[in-house]
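What follows is a single structure, written as structure tokens, with notes after it.
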Amino acid sequence: MAAPLDASKLQITKTTTPATPLPNNQLKFGQSFTDHILEIDWTVEEGWGTPTITPYHDFKMDPATVVLHYSFELFEGLKAYRDSNGQIRTFRPDKNMERMNRSAKRASLPQFDSEEFIKLIHQFLLLDERFVPSGKGYSLYLRPTLIGTSIGLGVSSPTKAKLYMIASPVGPYFGAGFKPVSLEATDYAVRAWPKGVGSYKLGANYVSCIEPQAEAAKRGHSQNLWLFGDEGEITEVGAMNVFFAFANEDGTKELATAPLDGMILPGVTRDSAIQLCKEKLGKEWIVSERKITIHEVKERAAKGQLIEAFGTGTAAIVAPINNIEFRGEQITVPCSAGGSGEIAKSVCEWVQNIQYGDEEFKDWSRVAA
Ligand SMILES: *Cc1c(COP(=O)(O)O)cnc(C)c1O
């Protein structure tokens, strides 16, 4: 019978050449890695094999391995944080594992027990804890990845797979303070569509977004605001979820983000921002998941009803927006708190306080043990 993933079988081989972690001011996103790699191989006959943590190393692969031909690849992105007692914490890792298993199912790759994988992640963190930097905004970015490793050019479900994780120490996305971003509302290319795979973290979803981003960059924008359909539905910004705050004529205010209709990546930061804003914003605020169009944003900005806008994601937590170009016209987005709006600033603080263990909220922060 095919074996389930079992963290208790973990075998550790420590590096004999430990690296010196870089000082905080030299950290660049995804450029340096810790001493080790976590791997678990799977076959259709045997199921999940022995989990191993070994020195970080290259993969040797037959050129006909399916991941290289048909994009049998999916990934996750989460972080580990050092709290004020020096303990290492992860933030809502169960949400990432739930999402990874959804992606695995859609990509015809094997699923696994989430809690067993979280145990392995925490073991990895205890071993490489020297690489978890100290300081607010600093963290260890974790990249769990699942690839199809069977060999052959037939287009079918992989009979072999590898689940692995590497980790990269990172600093704050924006350095000191927020730097709001300018967007190009993009309708000449589409990131995701109904009944497609936009809601899964498949590597194949990202390759097609780079060329439009380079086009937007040529026109001076840092990201694409992805639109869908004839009505100009707003879906996401770059690889982040997007929120808009509006003032209503009756004095109420609304924080709105696109609904999880299959086109939207269900961000852990998105979900956290929604829950925290529902609890912590004032009584006049309504938090909603609904369709927002670029035309609504443009009209309400013109009427002075657009309060602020921001993206959310693990890398930056929030990315404040100060401008959107749509068909040659500029929509100015207010940033009332300086480099960001008030809500973006608050969400960032609330989420960080929980991530670094300064505030307990539900069971969101977990200590590696
Ligand atoms: C990963 C990702 C997000 C953000 O998800 P988080 O879980 O908040 O990091 C949003 N949109 C896309 C397209 C993504 O790939």
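Which of the trypsin sites (Lys or Arg not before Pro) found in segment 327-369 are loop residues per DSSP with 14 or fewer other Cβ atoms within 10 Å of their Cβ? Hits after loop and neighbour filter: Arg327, Lys362.
Sorted ascending by nearby beta carbons within 10 Å, beginning with the fewest, His221, His295 become His295, His221. Here's the picture: charge each Lys and Arg Cβ at +1 and each Asp and Glu Cβ at -1 in segment 7-171, and of Tyr141, Phe72, Phe117 the one pushed furthest to the positive end of that dipole is Tyr141.
Longest exposed-loop-site-free stretch of the chain, with GluC sites (Glu not before Pro), DSSP loop and at most 12 other Cβ within 10 Å?
It runs 47-230.
The Cα center of segment 282-326 and the Cα center of segment 224-258 differ in position by 5 Å.
Which of the trypsin sites (Lys or Arg not before Pro) across segment 178-223 are loop residues per DSSP, with 10 or fewer other Cβ within 10 Å?
Values: sites: Arg191, Lys195, Lys201, Lys218, Arg219; in loops: Arg191, Lys195, Lys201, Arg219.
Answer by residue number: Lys195, Arg219.
Annotation: lysines with alpha-carbon distance below 28 angstrom to Lys218 (same-chain offsets under eight excluded): Lys28, Lys179, Lys201, Lys298. Over what distance in Å are the Cα centres of segment 188-202 and segment 45-60 separated? First find each Cα centre; the distance between them is then 31 Å. Taking trypsin sites (Lys or Arg not before Pro) across segment 59-120, the ones in a DSSP loop with at most 12 further Cβ atoms lying within 10 angstrom of their Cβ are Lys60.
Across all Cα atoms of the chain, the radius of gyration (one decimal) and Dmax (whole number) stand at 21.3, 67 Å. The residue among Val367, Pro158, Thr312 whose Cα reaches farthest toward the positive pole of the charge dipole of the chain, with charges on the beta-carbon of Lys, Arg, Asp and Glu, is Val367.
Shape verdict for segment 95-204, please, from the Cα gyration tensor: rounded (a/c under 1.5), prolate (a/b greater than b/c) or oblate.
It comes out oblate by the Cα gyration axes.
No lab work stands behind these numbers, since they all come straight from the coordinates. These figures come from a predicted structure and were not determined experimentally. Backbone-built Cβ (ideal geometry, glycine too); neighbour counts: all protein chains shown.
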